[in-house]
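Following: one structure in structure tokens, then a few remarks.
The values are calculated or read from the model by the stated rules, or taken from the named source; none is laboratory data. Source: prediction; values computed, not measured. Because the Cβ atoms are built from the backbone with ideal geometry, glycine has one as well, and the counts that use them run over all protein chains shown. Remember, those area values only see protein heavy atoms, side chains included, never the ligands or the DNA or RNA. Shrake-Rupley method; radii C 1.70, N 1.55, O 1.52, S 1.80 Å.
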Amino acid sequence: MDMYYVQGILILAGINLLTVLGLSLLTGFTGLFSFGHAGFMAIGAYMTTMMTVKLGLPFIPALLVGGLSAALISLIIGKFTLNLKGDYFCIATLGFGEAIRLILDNIQYFGGSRGWAGIPLYTTFWNVMIIDVVAIIVMVFIINSRHGRNMKAIREEELASQIVGIDVFRYKMTSLGISALYAGVAGGMLAHYLGYLQPLMFQMVKSTELTIIVIFGGLGSITGSVIGAILLTALPEILRDFYQWRLVIYGLAVIAIMISRPRGLMGGKELNFKFIKKLFNKEKEVNI
Amino acid sequence: MLQIKNLNVYYGGIHALRGVSIDVKEGDVVSIIGSNGAGKSTLLNCISGIVKPKEGEILYKGQPLAKAPHKIVESGICQVPEGRIIFANLTVKENLYMGAFLRKDKDKIEEDLKGIFKLFPRLDERINQVAGTLSGGEQQMLAMGRGIMSNPNLVLLDEPSLGLAPLFIKTIFEIVEEIQNMGKTILLVEQNAYKALSVANKAYILEQGVVTLEGNAKDLLKDERIQEAYLGKKH
Amino acid sequence: MIGFIQQMINGLSIGSVYALMAVGYSLVYSIMNFSNFAHGGVIMIGSYIGFFCISLLNFSFPVAFLTAALGSGLLAVVLEKVAYNPLRKRNAPFLYFIISAMGASIFLENIVVATIGPTFRTYPPVFSATPIQIGGLTIGRLDVLMFVISAISLSILVYIIEKTKIGLAIRATSYSSKGSTLMGVNVDKVIFTIFLLGGILAGIAGVLFGMKYTVYPQIGAITMKSFIAAVFGGLGSLQGAVIGSILLGIIETLTSGYISSQYRDLIAFALLIAVLIIRPTGIMGKSNEDKA
Amino acid sequence: MSEMLTLKNVTKKFGGLTAVGGVDFSIKKGEIFGLIGPNGAGKTTIFNLITGIYGLTEGDVLFEGKSISGLKPFQIANTGITRTFQNIRLFKNLTTYENVLIACHKSASYGLLDSVFRTRKFKNEEKLLAKKAEDLMELMGLTQHKNMLASNLPYGLQRRLEIARALALNPKLILLDEPAAGMNPEETLRLMELIREIRDKLDVTVLVIEHHMDLIMGVCDRIFVLNFGLPLAQGSPKEIQDDKNVIEAYLGKEDE
Amino acid sequence: GCSSQPSAGGDAAESDTIKIGWIGSLTGDQAVWGTCEFDTLKMVVEDANAAGGILGKQIEVIGYDTRGDATEAVNAVKRLTSQDKVVAILGPNASGQAISISGVLEQMKVANIATVATNPKVTVNDDGSVKPYNFRVCFIDPYQGAVAAGYAADKLSFTKAAILYDVTSDYSQGLTEFFEKTFTEKGGTIVAKEGFKAGDVDFRAQLSKIKEAQPEVIFMPYYYKEVALSANQARELGITSVLMGGDGWPSDQLIEMASDAIEGSFVVNHLDFNDPDVKPFQEQYKAKYNKNLELNGYLVHDAFKLFEQAVKDANSTDSDAIAKALSTAKVEGITGNINISPETHNPEGKEAAIIKITGGNYEFQEKYAAE
Ligand SMILES: Nc1ncnc2c1ncn2[C@@H]1O[C@H](COP(=O)(O)OP(=O)(O)OP(=O)(O)O)[C@@H](O)[C@H]1O
Ligand SMILES: Nc1ncnc2c1ncn2[C@@H]1O[C@H](COP(=O)(O)OP(=O)(O)OP(=O)(O)O)[C@@H](O)[C@H]1O
Ligand SMILES: [Mg+2]
Ligand SMILES: [Mg+2]
């Protein structure tokens, strides 16, 4: 295995992981199912690129702008749709994702469907890894706080959550916002990894893939998301030599994991939680 | 009628029933009493085929019980489950018809329906209401009615008085007796130990998955241990 | 005016295409409470079965139609056994079903690409392609057929679900499979029936589709539209699925015709959201607001 | 002002059905107040109206003198009213401990950023929350089931967990909907003691629906009787027990 | 450690096979074209090997699927260049993928010859500078759009045109843009411009609207599946306008799917299918794969020829040397003479073939170049 190639896959896995972490918060911990996360990635990607290419902002601030724009849009969408239940919300997000793509297809300033070429290649293995580590830590910290627990409560039982004084709507908004922020940043990184943007990249299939990763890894498990992101990004690569058969195998693998481990790979549990915790304690000592 | 031998049930690591053996004679009311988590519901669910025991044997009319839950119902065993499990999306009437799902005798079904409405006039008043919006007690009545509609030989009642008004609890136990008079056999799980023992012929005390006491219900009613543990100070 | 009427006809015919798919999809939803994303894959397979029956095996059209319907029905049942049944036995949450369905959908599409190949295939002409002309308006023959078939299958299904005993069992099972087991319902059989019916509908849709739009591995993707339509109409309600489909068809054509074809889906989506804001469970959806 | 909760002409109609019609009562601070009535009388509906799950058709609900009608359920919870459910609604796939811990959340005030940066405030308050949850489990006798999933608890314990969860909010008023359902007489006795303890030690006013007369008559200071959605009687346990209407509609004659 | 130092080219020179890569869609909705392209390449390479290979070395093709996805294309190219150590890459069959891989190509110093990637940005940067490792053998969108518009206005004397296009396709949008520009410059009017979305199968709403605008010609710049459906539906609605399309059209499948509806239509193509020089190639493919050759097959053939020429010119199998040689390579392909311009890396001066569909055949009309 050539490191250059492996690194490429890891970068992509890292970018996927970022979105998946956000999606995991939304789906795994808050119980909302989104088919529109590719849309948030798209917003992040285009906004970040606009910042770096048109306004000359450095990469990291640009990523933040991209992420925040995605979050902002998500809050607007959420305002209208978060009262919807289950599949209704899911369809609303699906429609949103497709709508974003349609708009981008028609905006010639961003190159329309012909795409936006010549984006500087700022994304590197190391900045992806660092951002991922920070993102994981932040996510674990959120989940292991009263805010994270409140989200879990909403996932379990909305009415009961209300009765214990949880502002369900606000927490759903928070969860959506954070997950869109993650997706937006991931989008920005993807743009600066490929050097090219095209609305086509953010098809519904992309959203589907992300959701599959979350559930494959196990709802409500960050470790699961990490493993899922790496495994499912790598799987098609490992199967590269099989041409047309690789997606057949991919499909089978998804079914197989669902029926053999119906709670996903990690089944809602965290692998070596203690280890991670220890890691965090060290982090804290450095921080404070 | 029903013979249970050395039943062992596990939920993952939890050993919920430990070698439970029970005998139910035809035409009897048999009560099972025990505190929360003793395994009463588990026992009924085993008979209904919803929970699969790890070990043990259940004989019904001398034959091993069918495996599939719907076959068990077909053989004449019906459970009125704890927590009611009515079909919240169906109307009261449809719920009752669901009770008669396996029956083919159309005319008799309509007749029985009238009988149910006589027992529970409230259900008649709510006949077209979606069952999910019934009050708790009304749902309990519906669950009972639905059970009776299946015209079983052996009725498994899991806490039928749960959530019922005092006046109505009386009615429920009257109904239990009435069902018995119809020649049916009843296995009754109840928290209201006093009532449960009053109507029963035989009773079992279940504690943490083990039968600790069994015997004639009237005798148990006088048993000091029972009075202390299950009947409260007075009754 | 003629233009407007023609657009309405277009909308109606597109709507009945959506409806044909939405009914089968909604049927499965109504009992399993999850979106069967493999439905499109089953439609696609049905389309191929019909095509090969006619072009390779020289079956007559009705026989081919029947074979496709049964073949798809069978496939749906097998899919249920393999991909959903194990989940059902473990009471897995609905998300897992959806993912399993997605896996199945990816599998079906790509197994066709890998074996039969990605090429487009054209059904041999079965009906006269010339549309019916009435005073400057055109109505496709196949469109009429689709409309009629959707209407018939809907009526039959509604009858089964609302008036028959098995229908009652289906509705009961959709709320609580434990409860209906306790009533002596063979839940496996109920679900088998549902998937068989859903699959047969998919097969019918597949053949009609293939005739209208040619056959290719991604043809199932249009089911996304019928999924949206079913939500429009209210999930789990068969009538809702049809009404939603027809509405979506008309909205789409009128938007294309009078507002903007480039932004058609955007406007349709905005309308969908507007409908859901006013009626959070779609047009016909019952708000199964359970009691506290 | 010792009036804690006041219902004024509270009315709820479902289509043509008047589930609750013109109910007036008020509960004083520190009281244990019983709400009884035949099945379908509208008791749970009143709870749903107080906690904002249903909207009022007519009338008003005052809490500590202020109207709370029109507020969202979580807002009402935050003014200090909480409840348990007749059809148990726990966070099923979470453990006993998590169920209680979640409900404690209002005892902490750290924000999202505090949790991200693990500030001192976060750590102190988290410790506090954990302690509180442990105490509540201890009080309700749930400690040994700490790590069990709520859905796997036996019925009776699920009821107790619901009460623990409600208490975690530090409510001023707690509404219990048939807390003794599924408990045997012995357990019911313990529950009675517990209800008194809640009132005395935690300074919580209690409104309780029950069909176990031993409990109602044993712990309630005052009782309100509802029949077909309409007020039937109100008074001390003694008065209620002797009320002819109540006996006829609800209690039935003592048979022993 | 994880050194990410590119390590391509180098040792490939010593081995006695030449590895070339191919990427494109073997799955997804573009699979028809990708599959044909890959198959053709394998066939062409077999022939070349049978004829002694290049510089006496045998050629080996390694192809990967991209699902039509830009991200996948990047992965595939990383693998081809770093692990498989190919000396050049042919394909892909869409611009998005060709553009996104240029970063990797430059890092690894491996050239890519795109087949039907017609977006101008494939070979040049925004500032007009040429990308050192990107080449192509097809003409570009602006050219094709301009040819179609020019021919419609000048040769066919149409003044009212309508356009139906795929909003979500870069190819379709590109052609539309330049058709519209040229056509209006030549004094024509676009009386209707309607869009649809990839995956759509029903175009009657848009067509009904187009019908009311009464155009003389309808430009349909998209791939033949949609062309067949939309042409059929147009005729169904009683539209009699002449239809016109680009290189997404030519295919035997189109004739099969919409023979009557497209009768009398004009197509801008890369070559004349009925050219006697082309026939043996078509037949060879048909005999080998029992399928009809798609347009991609011709172009990948030419891409390979161009590669072969460059290796000979460079007299080396070093990837960088090949890339240098490519920027001035000249070769006679089946789609015409290919003279790569060092400024643009496009085949300059490549004339388009205008084809008219008559009696279910692609009848060559004339070579036509936009000014
Ligand atoms: N699905 C399950 N998974 C794990 N444990 C379970 C499950 N169902 C029941 N248990 C456990 O099995 C034991 C017996 O439970 P069961 O419900 O039979 O008790 P019960 O006697 O009916 O109690 P109650 O009077 O509260 O209804 C309990 O400890 C309970 O926690
Ligand atoms: N959402 C609703 N739609 C229609 N009717 C309803 C609804 N909710 C409650 N009802 C009806 O209102 C009446 C009162 O119900 P409620 O649940 O308040 O009774 P309850 O006093 O709590 O009875 P129980 O002691 O049996 O629990 C019942 O007859 C019930 O059927
Ligand atoms: Mg029980
Ligand atoms: Mg109630």
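Of all residues in the stretch B:12-26 being modelled with pLDDT under 90 and open to solvent by 20 Å² or more (accessible area, probe 1.4 Å), which is nearest to ligand 2 (Cβ to nearest atom)? Among residues in the stretch B:12-26 that are modelled with pLDDT under 90 and open to solvent by 20 Å² or more (accessible area, probe 1.4 Å), the one nearest to ligand 2 (Cβ to nearest atom) is B:ILE14. Among the residues making up the stretch A:37-92, those that are open to solvent by less than 50 Å² (accessible area, probe 1.4 Å), of a type in the set (A, V, I, L, M) and either within 12 Å of another protein chain (Cβ to nearest Cβ) or more than 28 Å from C:ILE273 (Cα to Cα) (or both) are A:ALA38, A:MET41, A:ALA45, A:MET50, A:MET51, A:ALA62, A:LEU63, A:ILE77, A:LEU82, A:LEU84, A:ILE91, A:ALA92. For the stretch E:267-282, check the following and say yes or no: at least one residue is among the acidic types (Asp, Glu) and either within 14 Å of chain C (Cβ to nearest Cβ) or in a helix (DSSP H, G or I) (or both). No, the conditions are met nowhere in the stretch E:267-282. For the stretch D:103-138, the set of residues classified as in contact (Cβ under 8 Å) with a residue 40 or more places away in the chain and either open to solvent by less than 30 Å² (accessible area, probe 1.4 Å) or within 12 Å of A:ASN144 (Cα to Cα) (or both) consists of D:ALA103, D:CYS104, D:MET137, listed by residue number. Residue-level check: of (1) touching a residue at least 60 places away in the same chain (Cβ under 8 Å); (2) assigned to a helix (DSSP H, G or I); (3) under 27 Å from B:SER135 (Cα atoms), D:LEU176 misses just (2).
Does the stretch A:152-162 include one or more residues that are more than 9 Å from every other protein chain (Cβ to nearest Cβ), under 19 Å from the mean Cα position of the chain (by Cα) and among the basic types (Lys, Arg)? Scanning the stretch A:152-162, I find no residue that is more than 9 Å from every other protein chain (Cβ to nearest Cβ), under 19 Å from the mean Cα position of the chain (by Cα) and among the basic types (Lys, Arg), so the answer is no.
Do we have any residue at all in the stretch B:164-172 that's open to solvent by 20 Å² or more (accessible area, probe 1.4 Å) and away from ligand 4 (no atom under 16 Å from the Cβ)? The answer is yes, given that some residue of the stretch B:164-172 is open to solvent by 20 Å² or more (accessible area, probe 1.4 Å) and away from ligand 4 (no atom under 16 Å from the Cβ). For the stretch B:181-193, residues that are away from ligand 3 (no atom under 16 Å from the Cβ) and crowded, with 19+ Cβ neighbours inside 10 Å total 3.
When B:ARG84 is tested against the conditions (1) away from ligand 2 (no atom under 16 Å from the Cβ); (2) within 14 Å of chain D (Cβ to nearest Cβ); (3) within 16 Å of the chain's Cα centre (by Cα), the lone failure is (1).
Please specify each residue of the stretch E:191-217 satisfying the condition of being in a strand (DSSP E or B) and either at pLDDT below 95 or within 14 Å of chain C (Cβ to nearest Cβ) (or both). Matches in the stretch E:191-217: E:ALA192, E:LYS193, E:GLU194, E:GLY195, E:PHE196.
Do you know which residues across the stretch E:150-190 are part of a loop (DSSP other than H, G, I, E, B), away from chain C (no Cβ under 14 Å) and open to solvent by less than 20 Å² (accessible area, probe 1.4 Å)? E:GLY188, the sole residue that qualifies. Of the residues screened, E:ILE239 is not one that is surrounded by fewer than 24 Cβ atoms within 10 Å (Cβ to Cβ) and assigned to a strand (DSSP E or B).
Among the residues making up the stretch D:33-66, those that are of a type in the set (Ser, Thr, Tyr) and within 7 Å of ligand 2 (Cβ to nearest atom) are D:THR44, D:THR45. Restricting A:ILE130, A:ILE178, A:ILE137, A:ILE103 to residues that are at pLDDT 90 or above, open to solvent by 30 Å² or more (accessible area, probe 1.4 Å) and within 20 Å of the chain's Cα centre (by Cα) narrows the list to A:ILE130.
If you go through the stretch D:65-100 and pick out every residue that is within 8 Å of another protein chain (Cβ to nearest Cβ), under 25 Å from B:LEU134 (Cα atoms), in contact with a strand residue (DSSP E or B) (Cβ under 8 Å, 6 or more places away or on another chain) and assigned to a loop (DSSP other than H, G, I, E, B), you end up with 3. Do we find a residue being part of a helix (DSSP H, G or I) and within 9 Å of another protein chain (Cβ to nearest Cβ) anywhere in the stretch D:127-135? Yes: the stretch D:127-135 contains one or more residues that are part of a helix (DSSP H, G or I) and within 9 Å of another protein chain (Cβ to nearest Cβ). All of E:ALA198, E:ALA228, E:ALA205 fail the test of being among the aliphatic types (A, V, I, L, M) and surrounded by fewer than 24 Cβ atoms within 10 Å (Cβ to Cβ), apart from E:ALA198. Note on the stretch B:137-163: residues that are at pLDDT below 90, in contact with a helix residue (DSSP H, G or I) (Cβ under 7 Å, 6 or more places away or on another chain) and within 16 Å of ligand 1 (Cβ to nearest atom) amount to 4. Take the residues in the stretch D:38-66 that are crowded, with 18+ Cβ neighbours inside 10 Å and away from ligand 4 (no atom under 16 Å from the Cβ); name whichever of them is nearest to D:ALA181 (Cα to Cα). For the stretch D:38-66, the residue satisfying everything is D:GLY52. Note on the stretch D:155-173: among residues that are of a type outside the set (Lys, Arg) and in a loop (DSSP other than H, G, I, E, B), the one that is farthest from ligand 1 (Cβ to nearest atom) is D:ASN170. The residues on offer are B:ALA143, B:ALA131, B:ALA100, and the sole one that is in contact (Cβ under 8 Å) with a residue 12 or more places away in the chain, among the small types (Gly, Ala, Ser) and away from chain D (no Cβ under 14 Å) is B:ALA100. With a requirement of 2 or more residues that are more than 30 Å from B:HIS70 (Cα to Cα) and more than 8 Å from every other protein chain (Cβ to nearest Cβ), the helices (runs of 4 or more DSSP H) lying completely within the stretch C:153-238 that satisfy it span C:187-213, C:223-233. Here the stretch B:31-67 is the region considered, the condition is being surrounded by fewer than 14 Cβ atoms within 10 Å (Cβ to Cβ) and either within 11 Å of another protein chain (Cβ to nearest Cβ) or within 15 Å of ligand 1 (Cβ to nearest atom) (or both), and the residue that is farthest from C:LYS178 (Cα to Cα) is B:LYS54.
On the given criteria, is D:VAL100 open to solvent by less than 40 Å² (accessible area, probe 1.4 Å), aliphatic (A, V, I, L, M) and at pLDDT 95 or above? Yes; evaluated as a whole, the condition is true for this residue.
Per-residue answers, yes or no, for (1) within 24 Å of D:GLU248 (Cβ to Cβ); (2) more than 12 Å from the chain's Cα centre (by Cα):
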{"residue": "B:ASN151", "(1), (2)": "no, yes"}
{"residue": "B:ASP158", "(1), (2)": "no, no"}
{"residue": "B:PRO166", "(1), (2)": "yes, yes"}
{"residue": "B:ASN181", "(1), (2)": "no, yes"}
{"residue": "B:THR185", "(1), (2)": "no, no"}
{"residue": "B:GLY209", "(1), (2)": "no, yes"}
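Looking at C:LEU79, C:LEU75, C:LEU70 in this structure, which one is out of contact with any helix residue (DSSP H, G or I) (no Cβ under 6 Å at 6 or more places or on another chain) and at pLDDT 90 or above? When all the criteria are applied, what remains is C:LEU70. Among the residues of the stretch C:90-114, those that are open to solvent by 40 Å² or more (accessible area, probe 1.4 Å) and either assigned to a loop (DSSP other than H, G, I, E, B) or more than 9 Å from chain A (Cβ to nearest Cβ) (or both) comprise C:ARG90, C:ASN91, C:PRO93.
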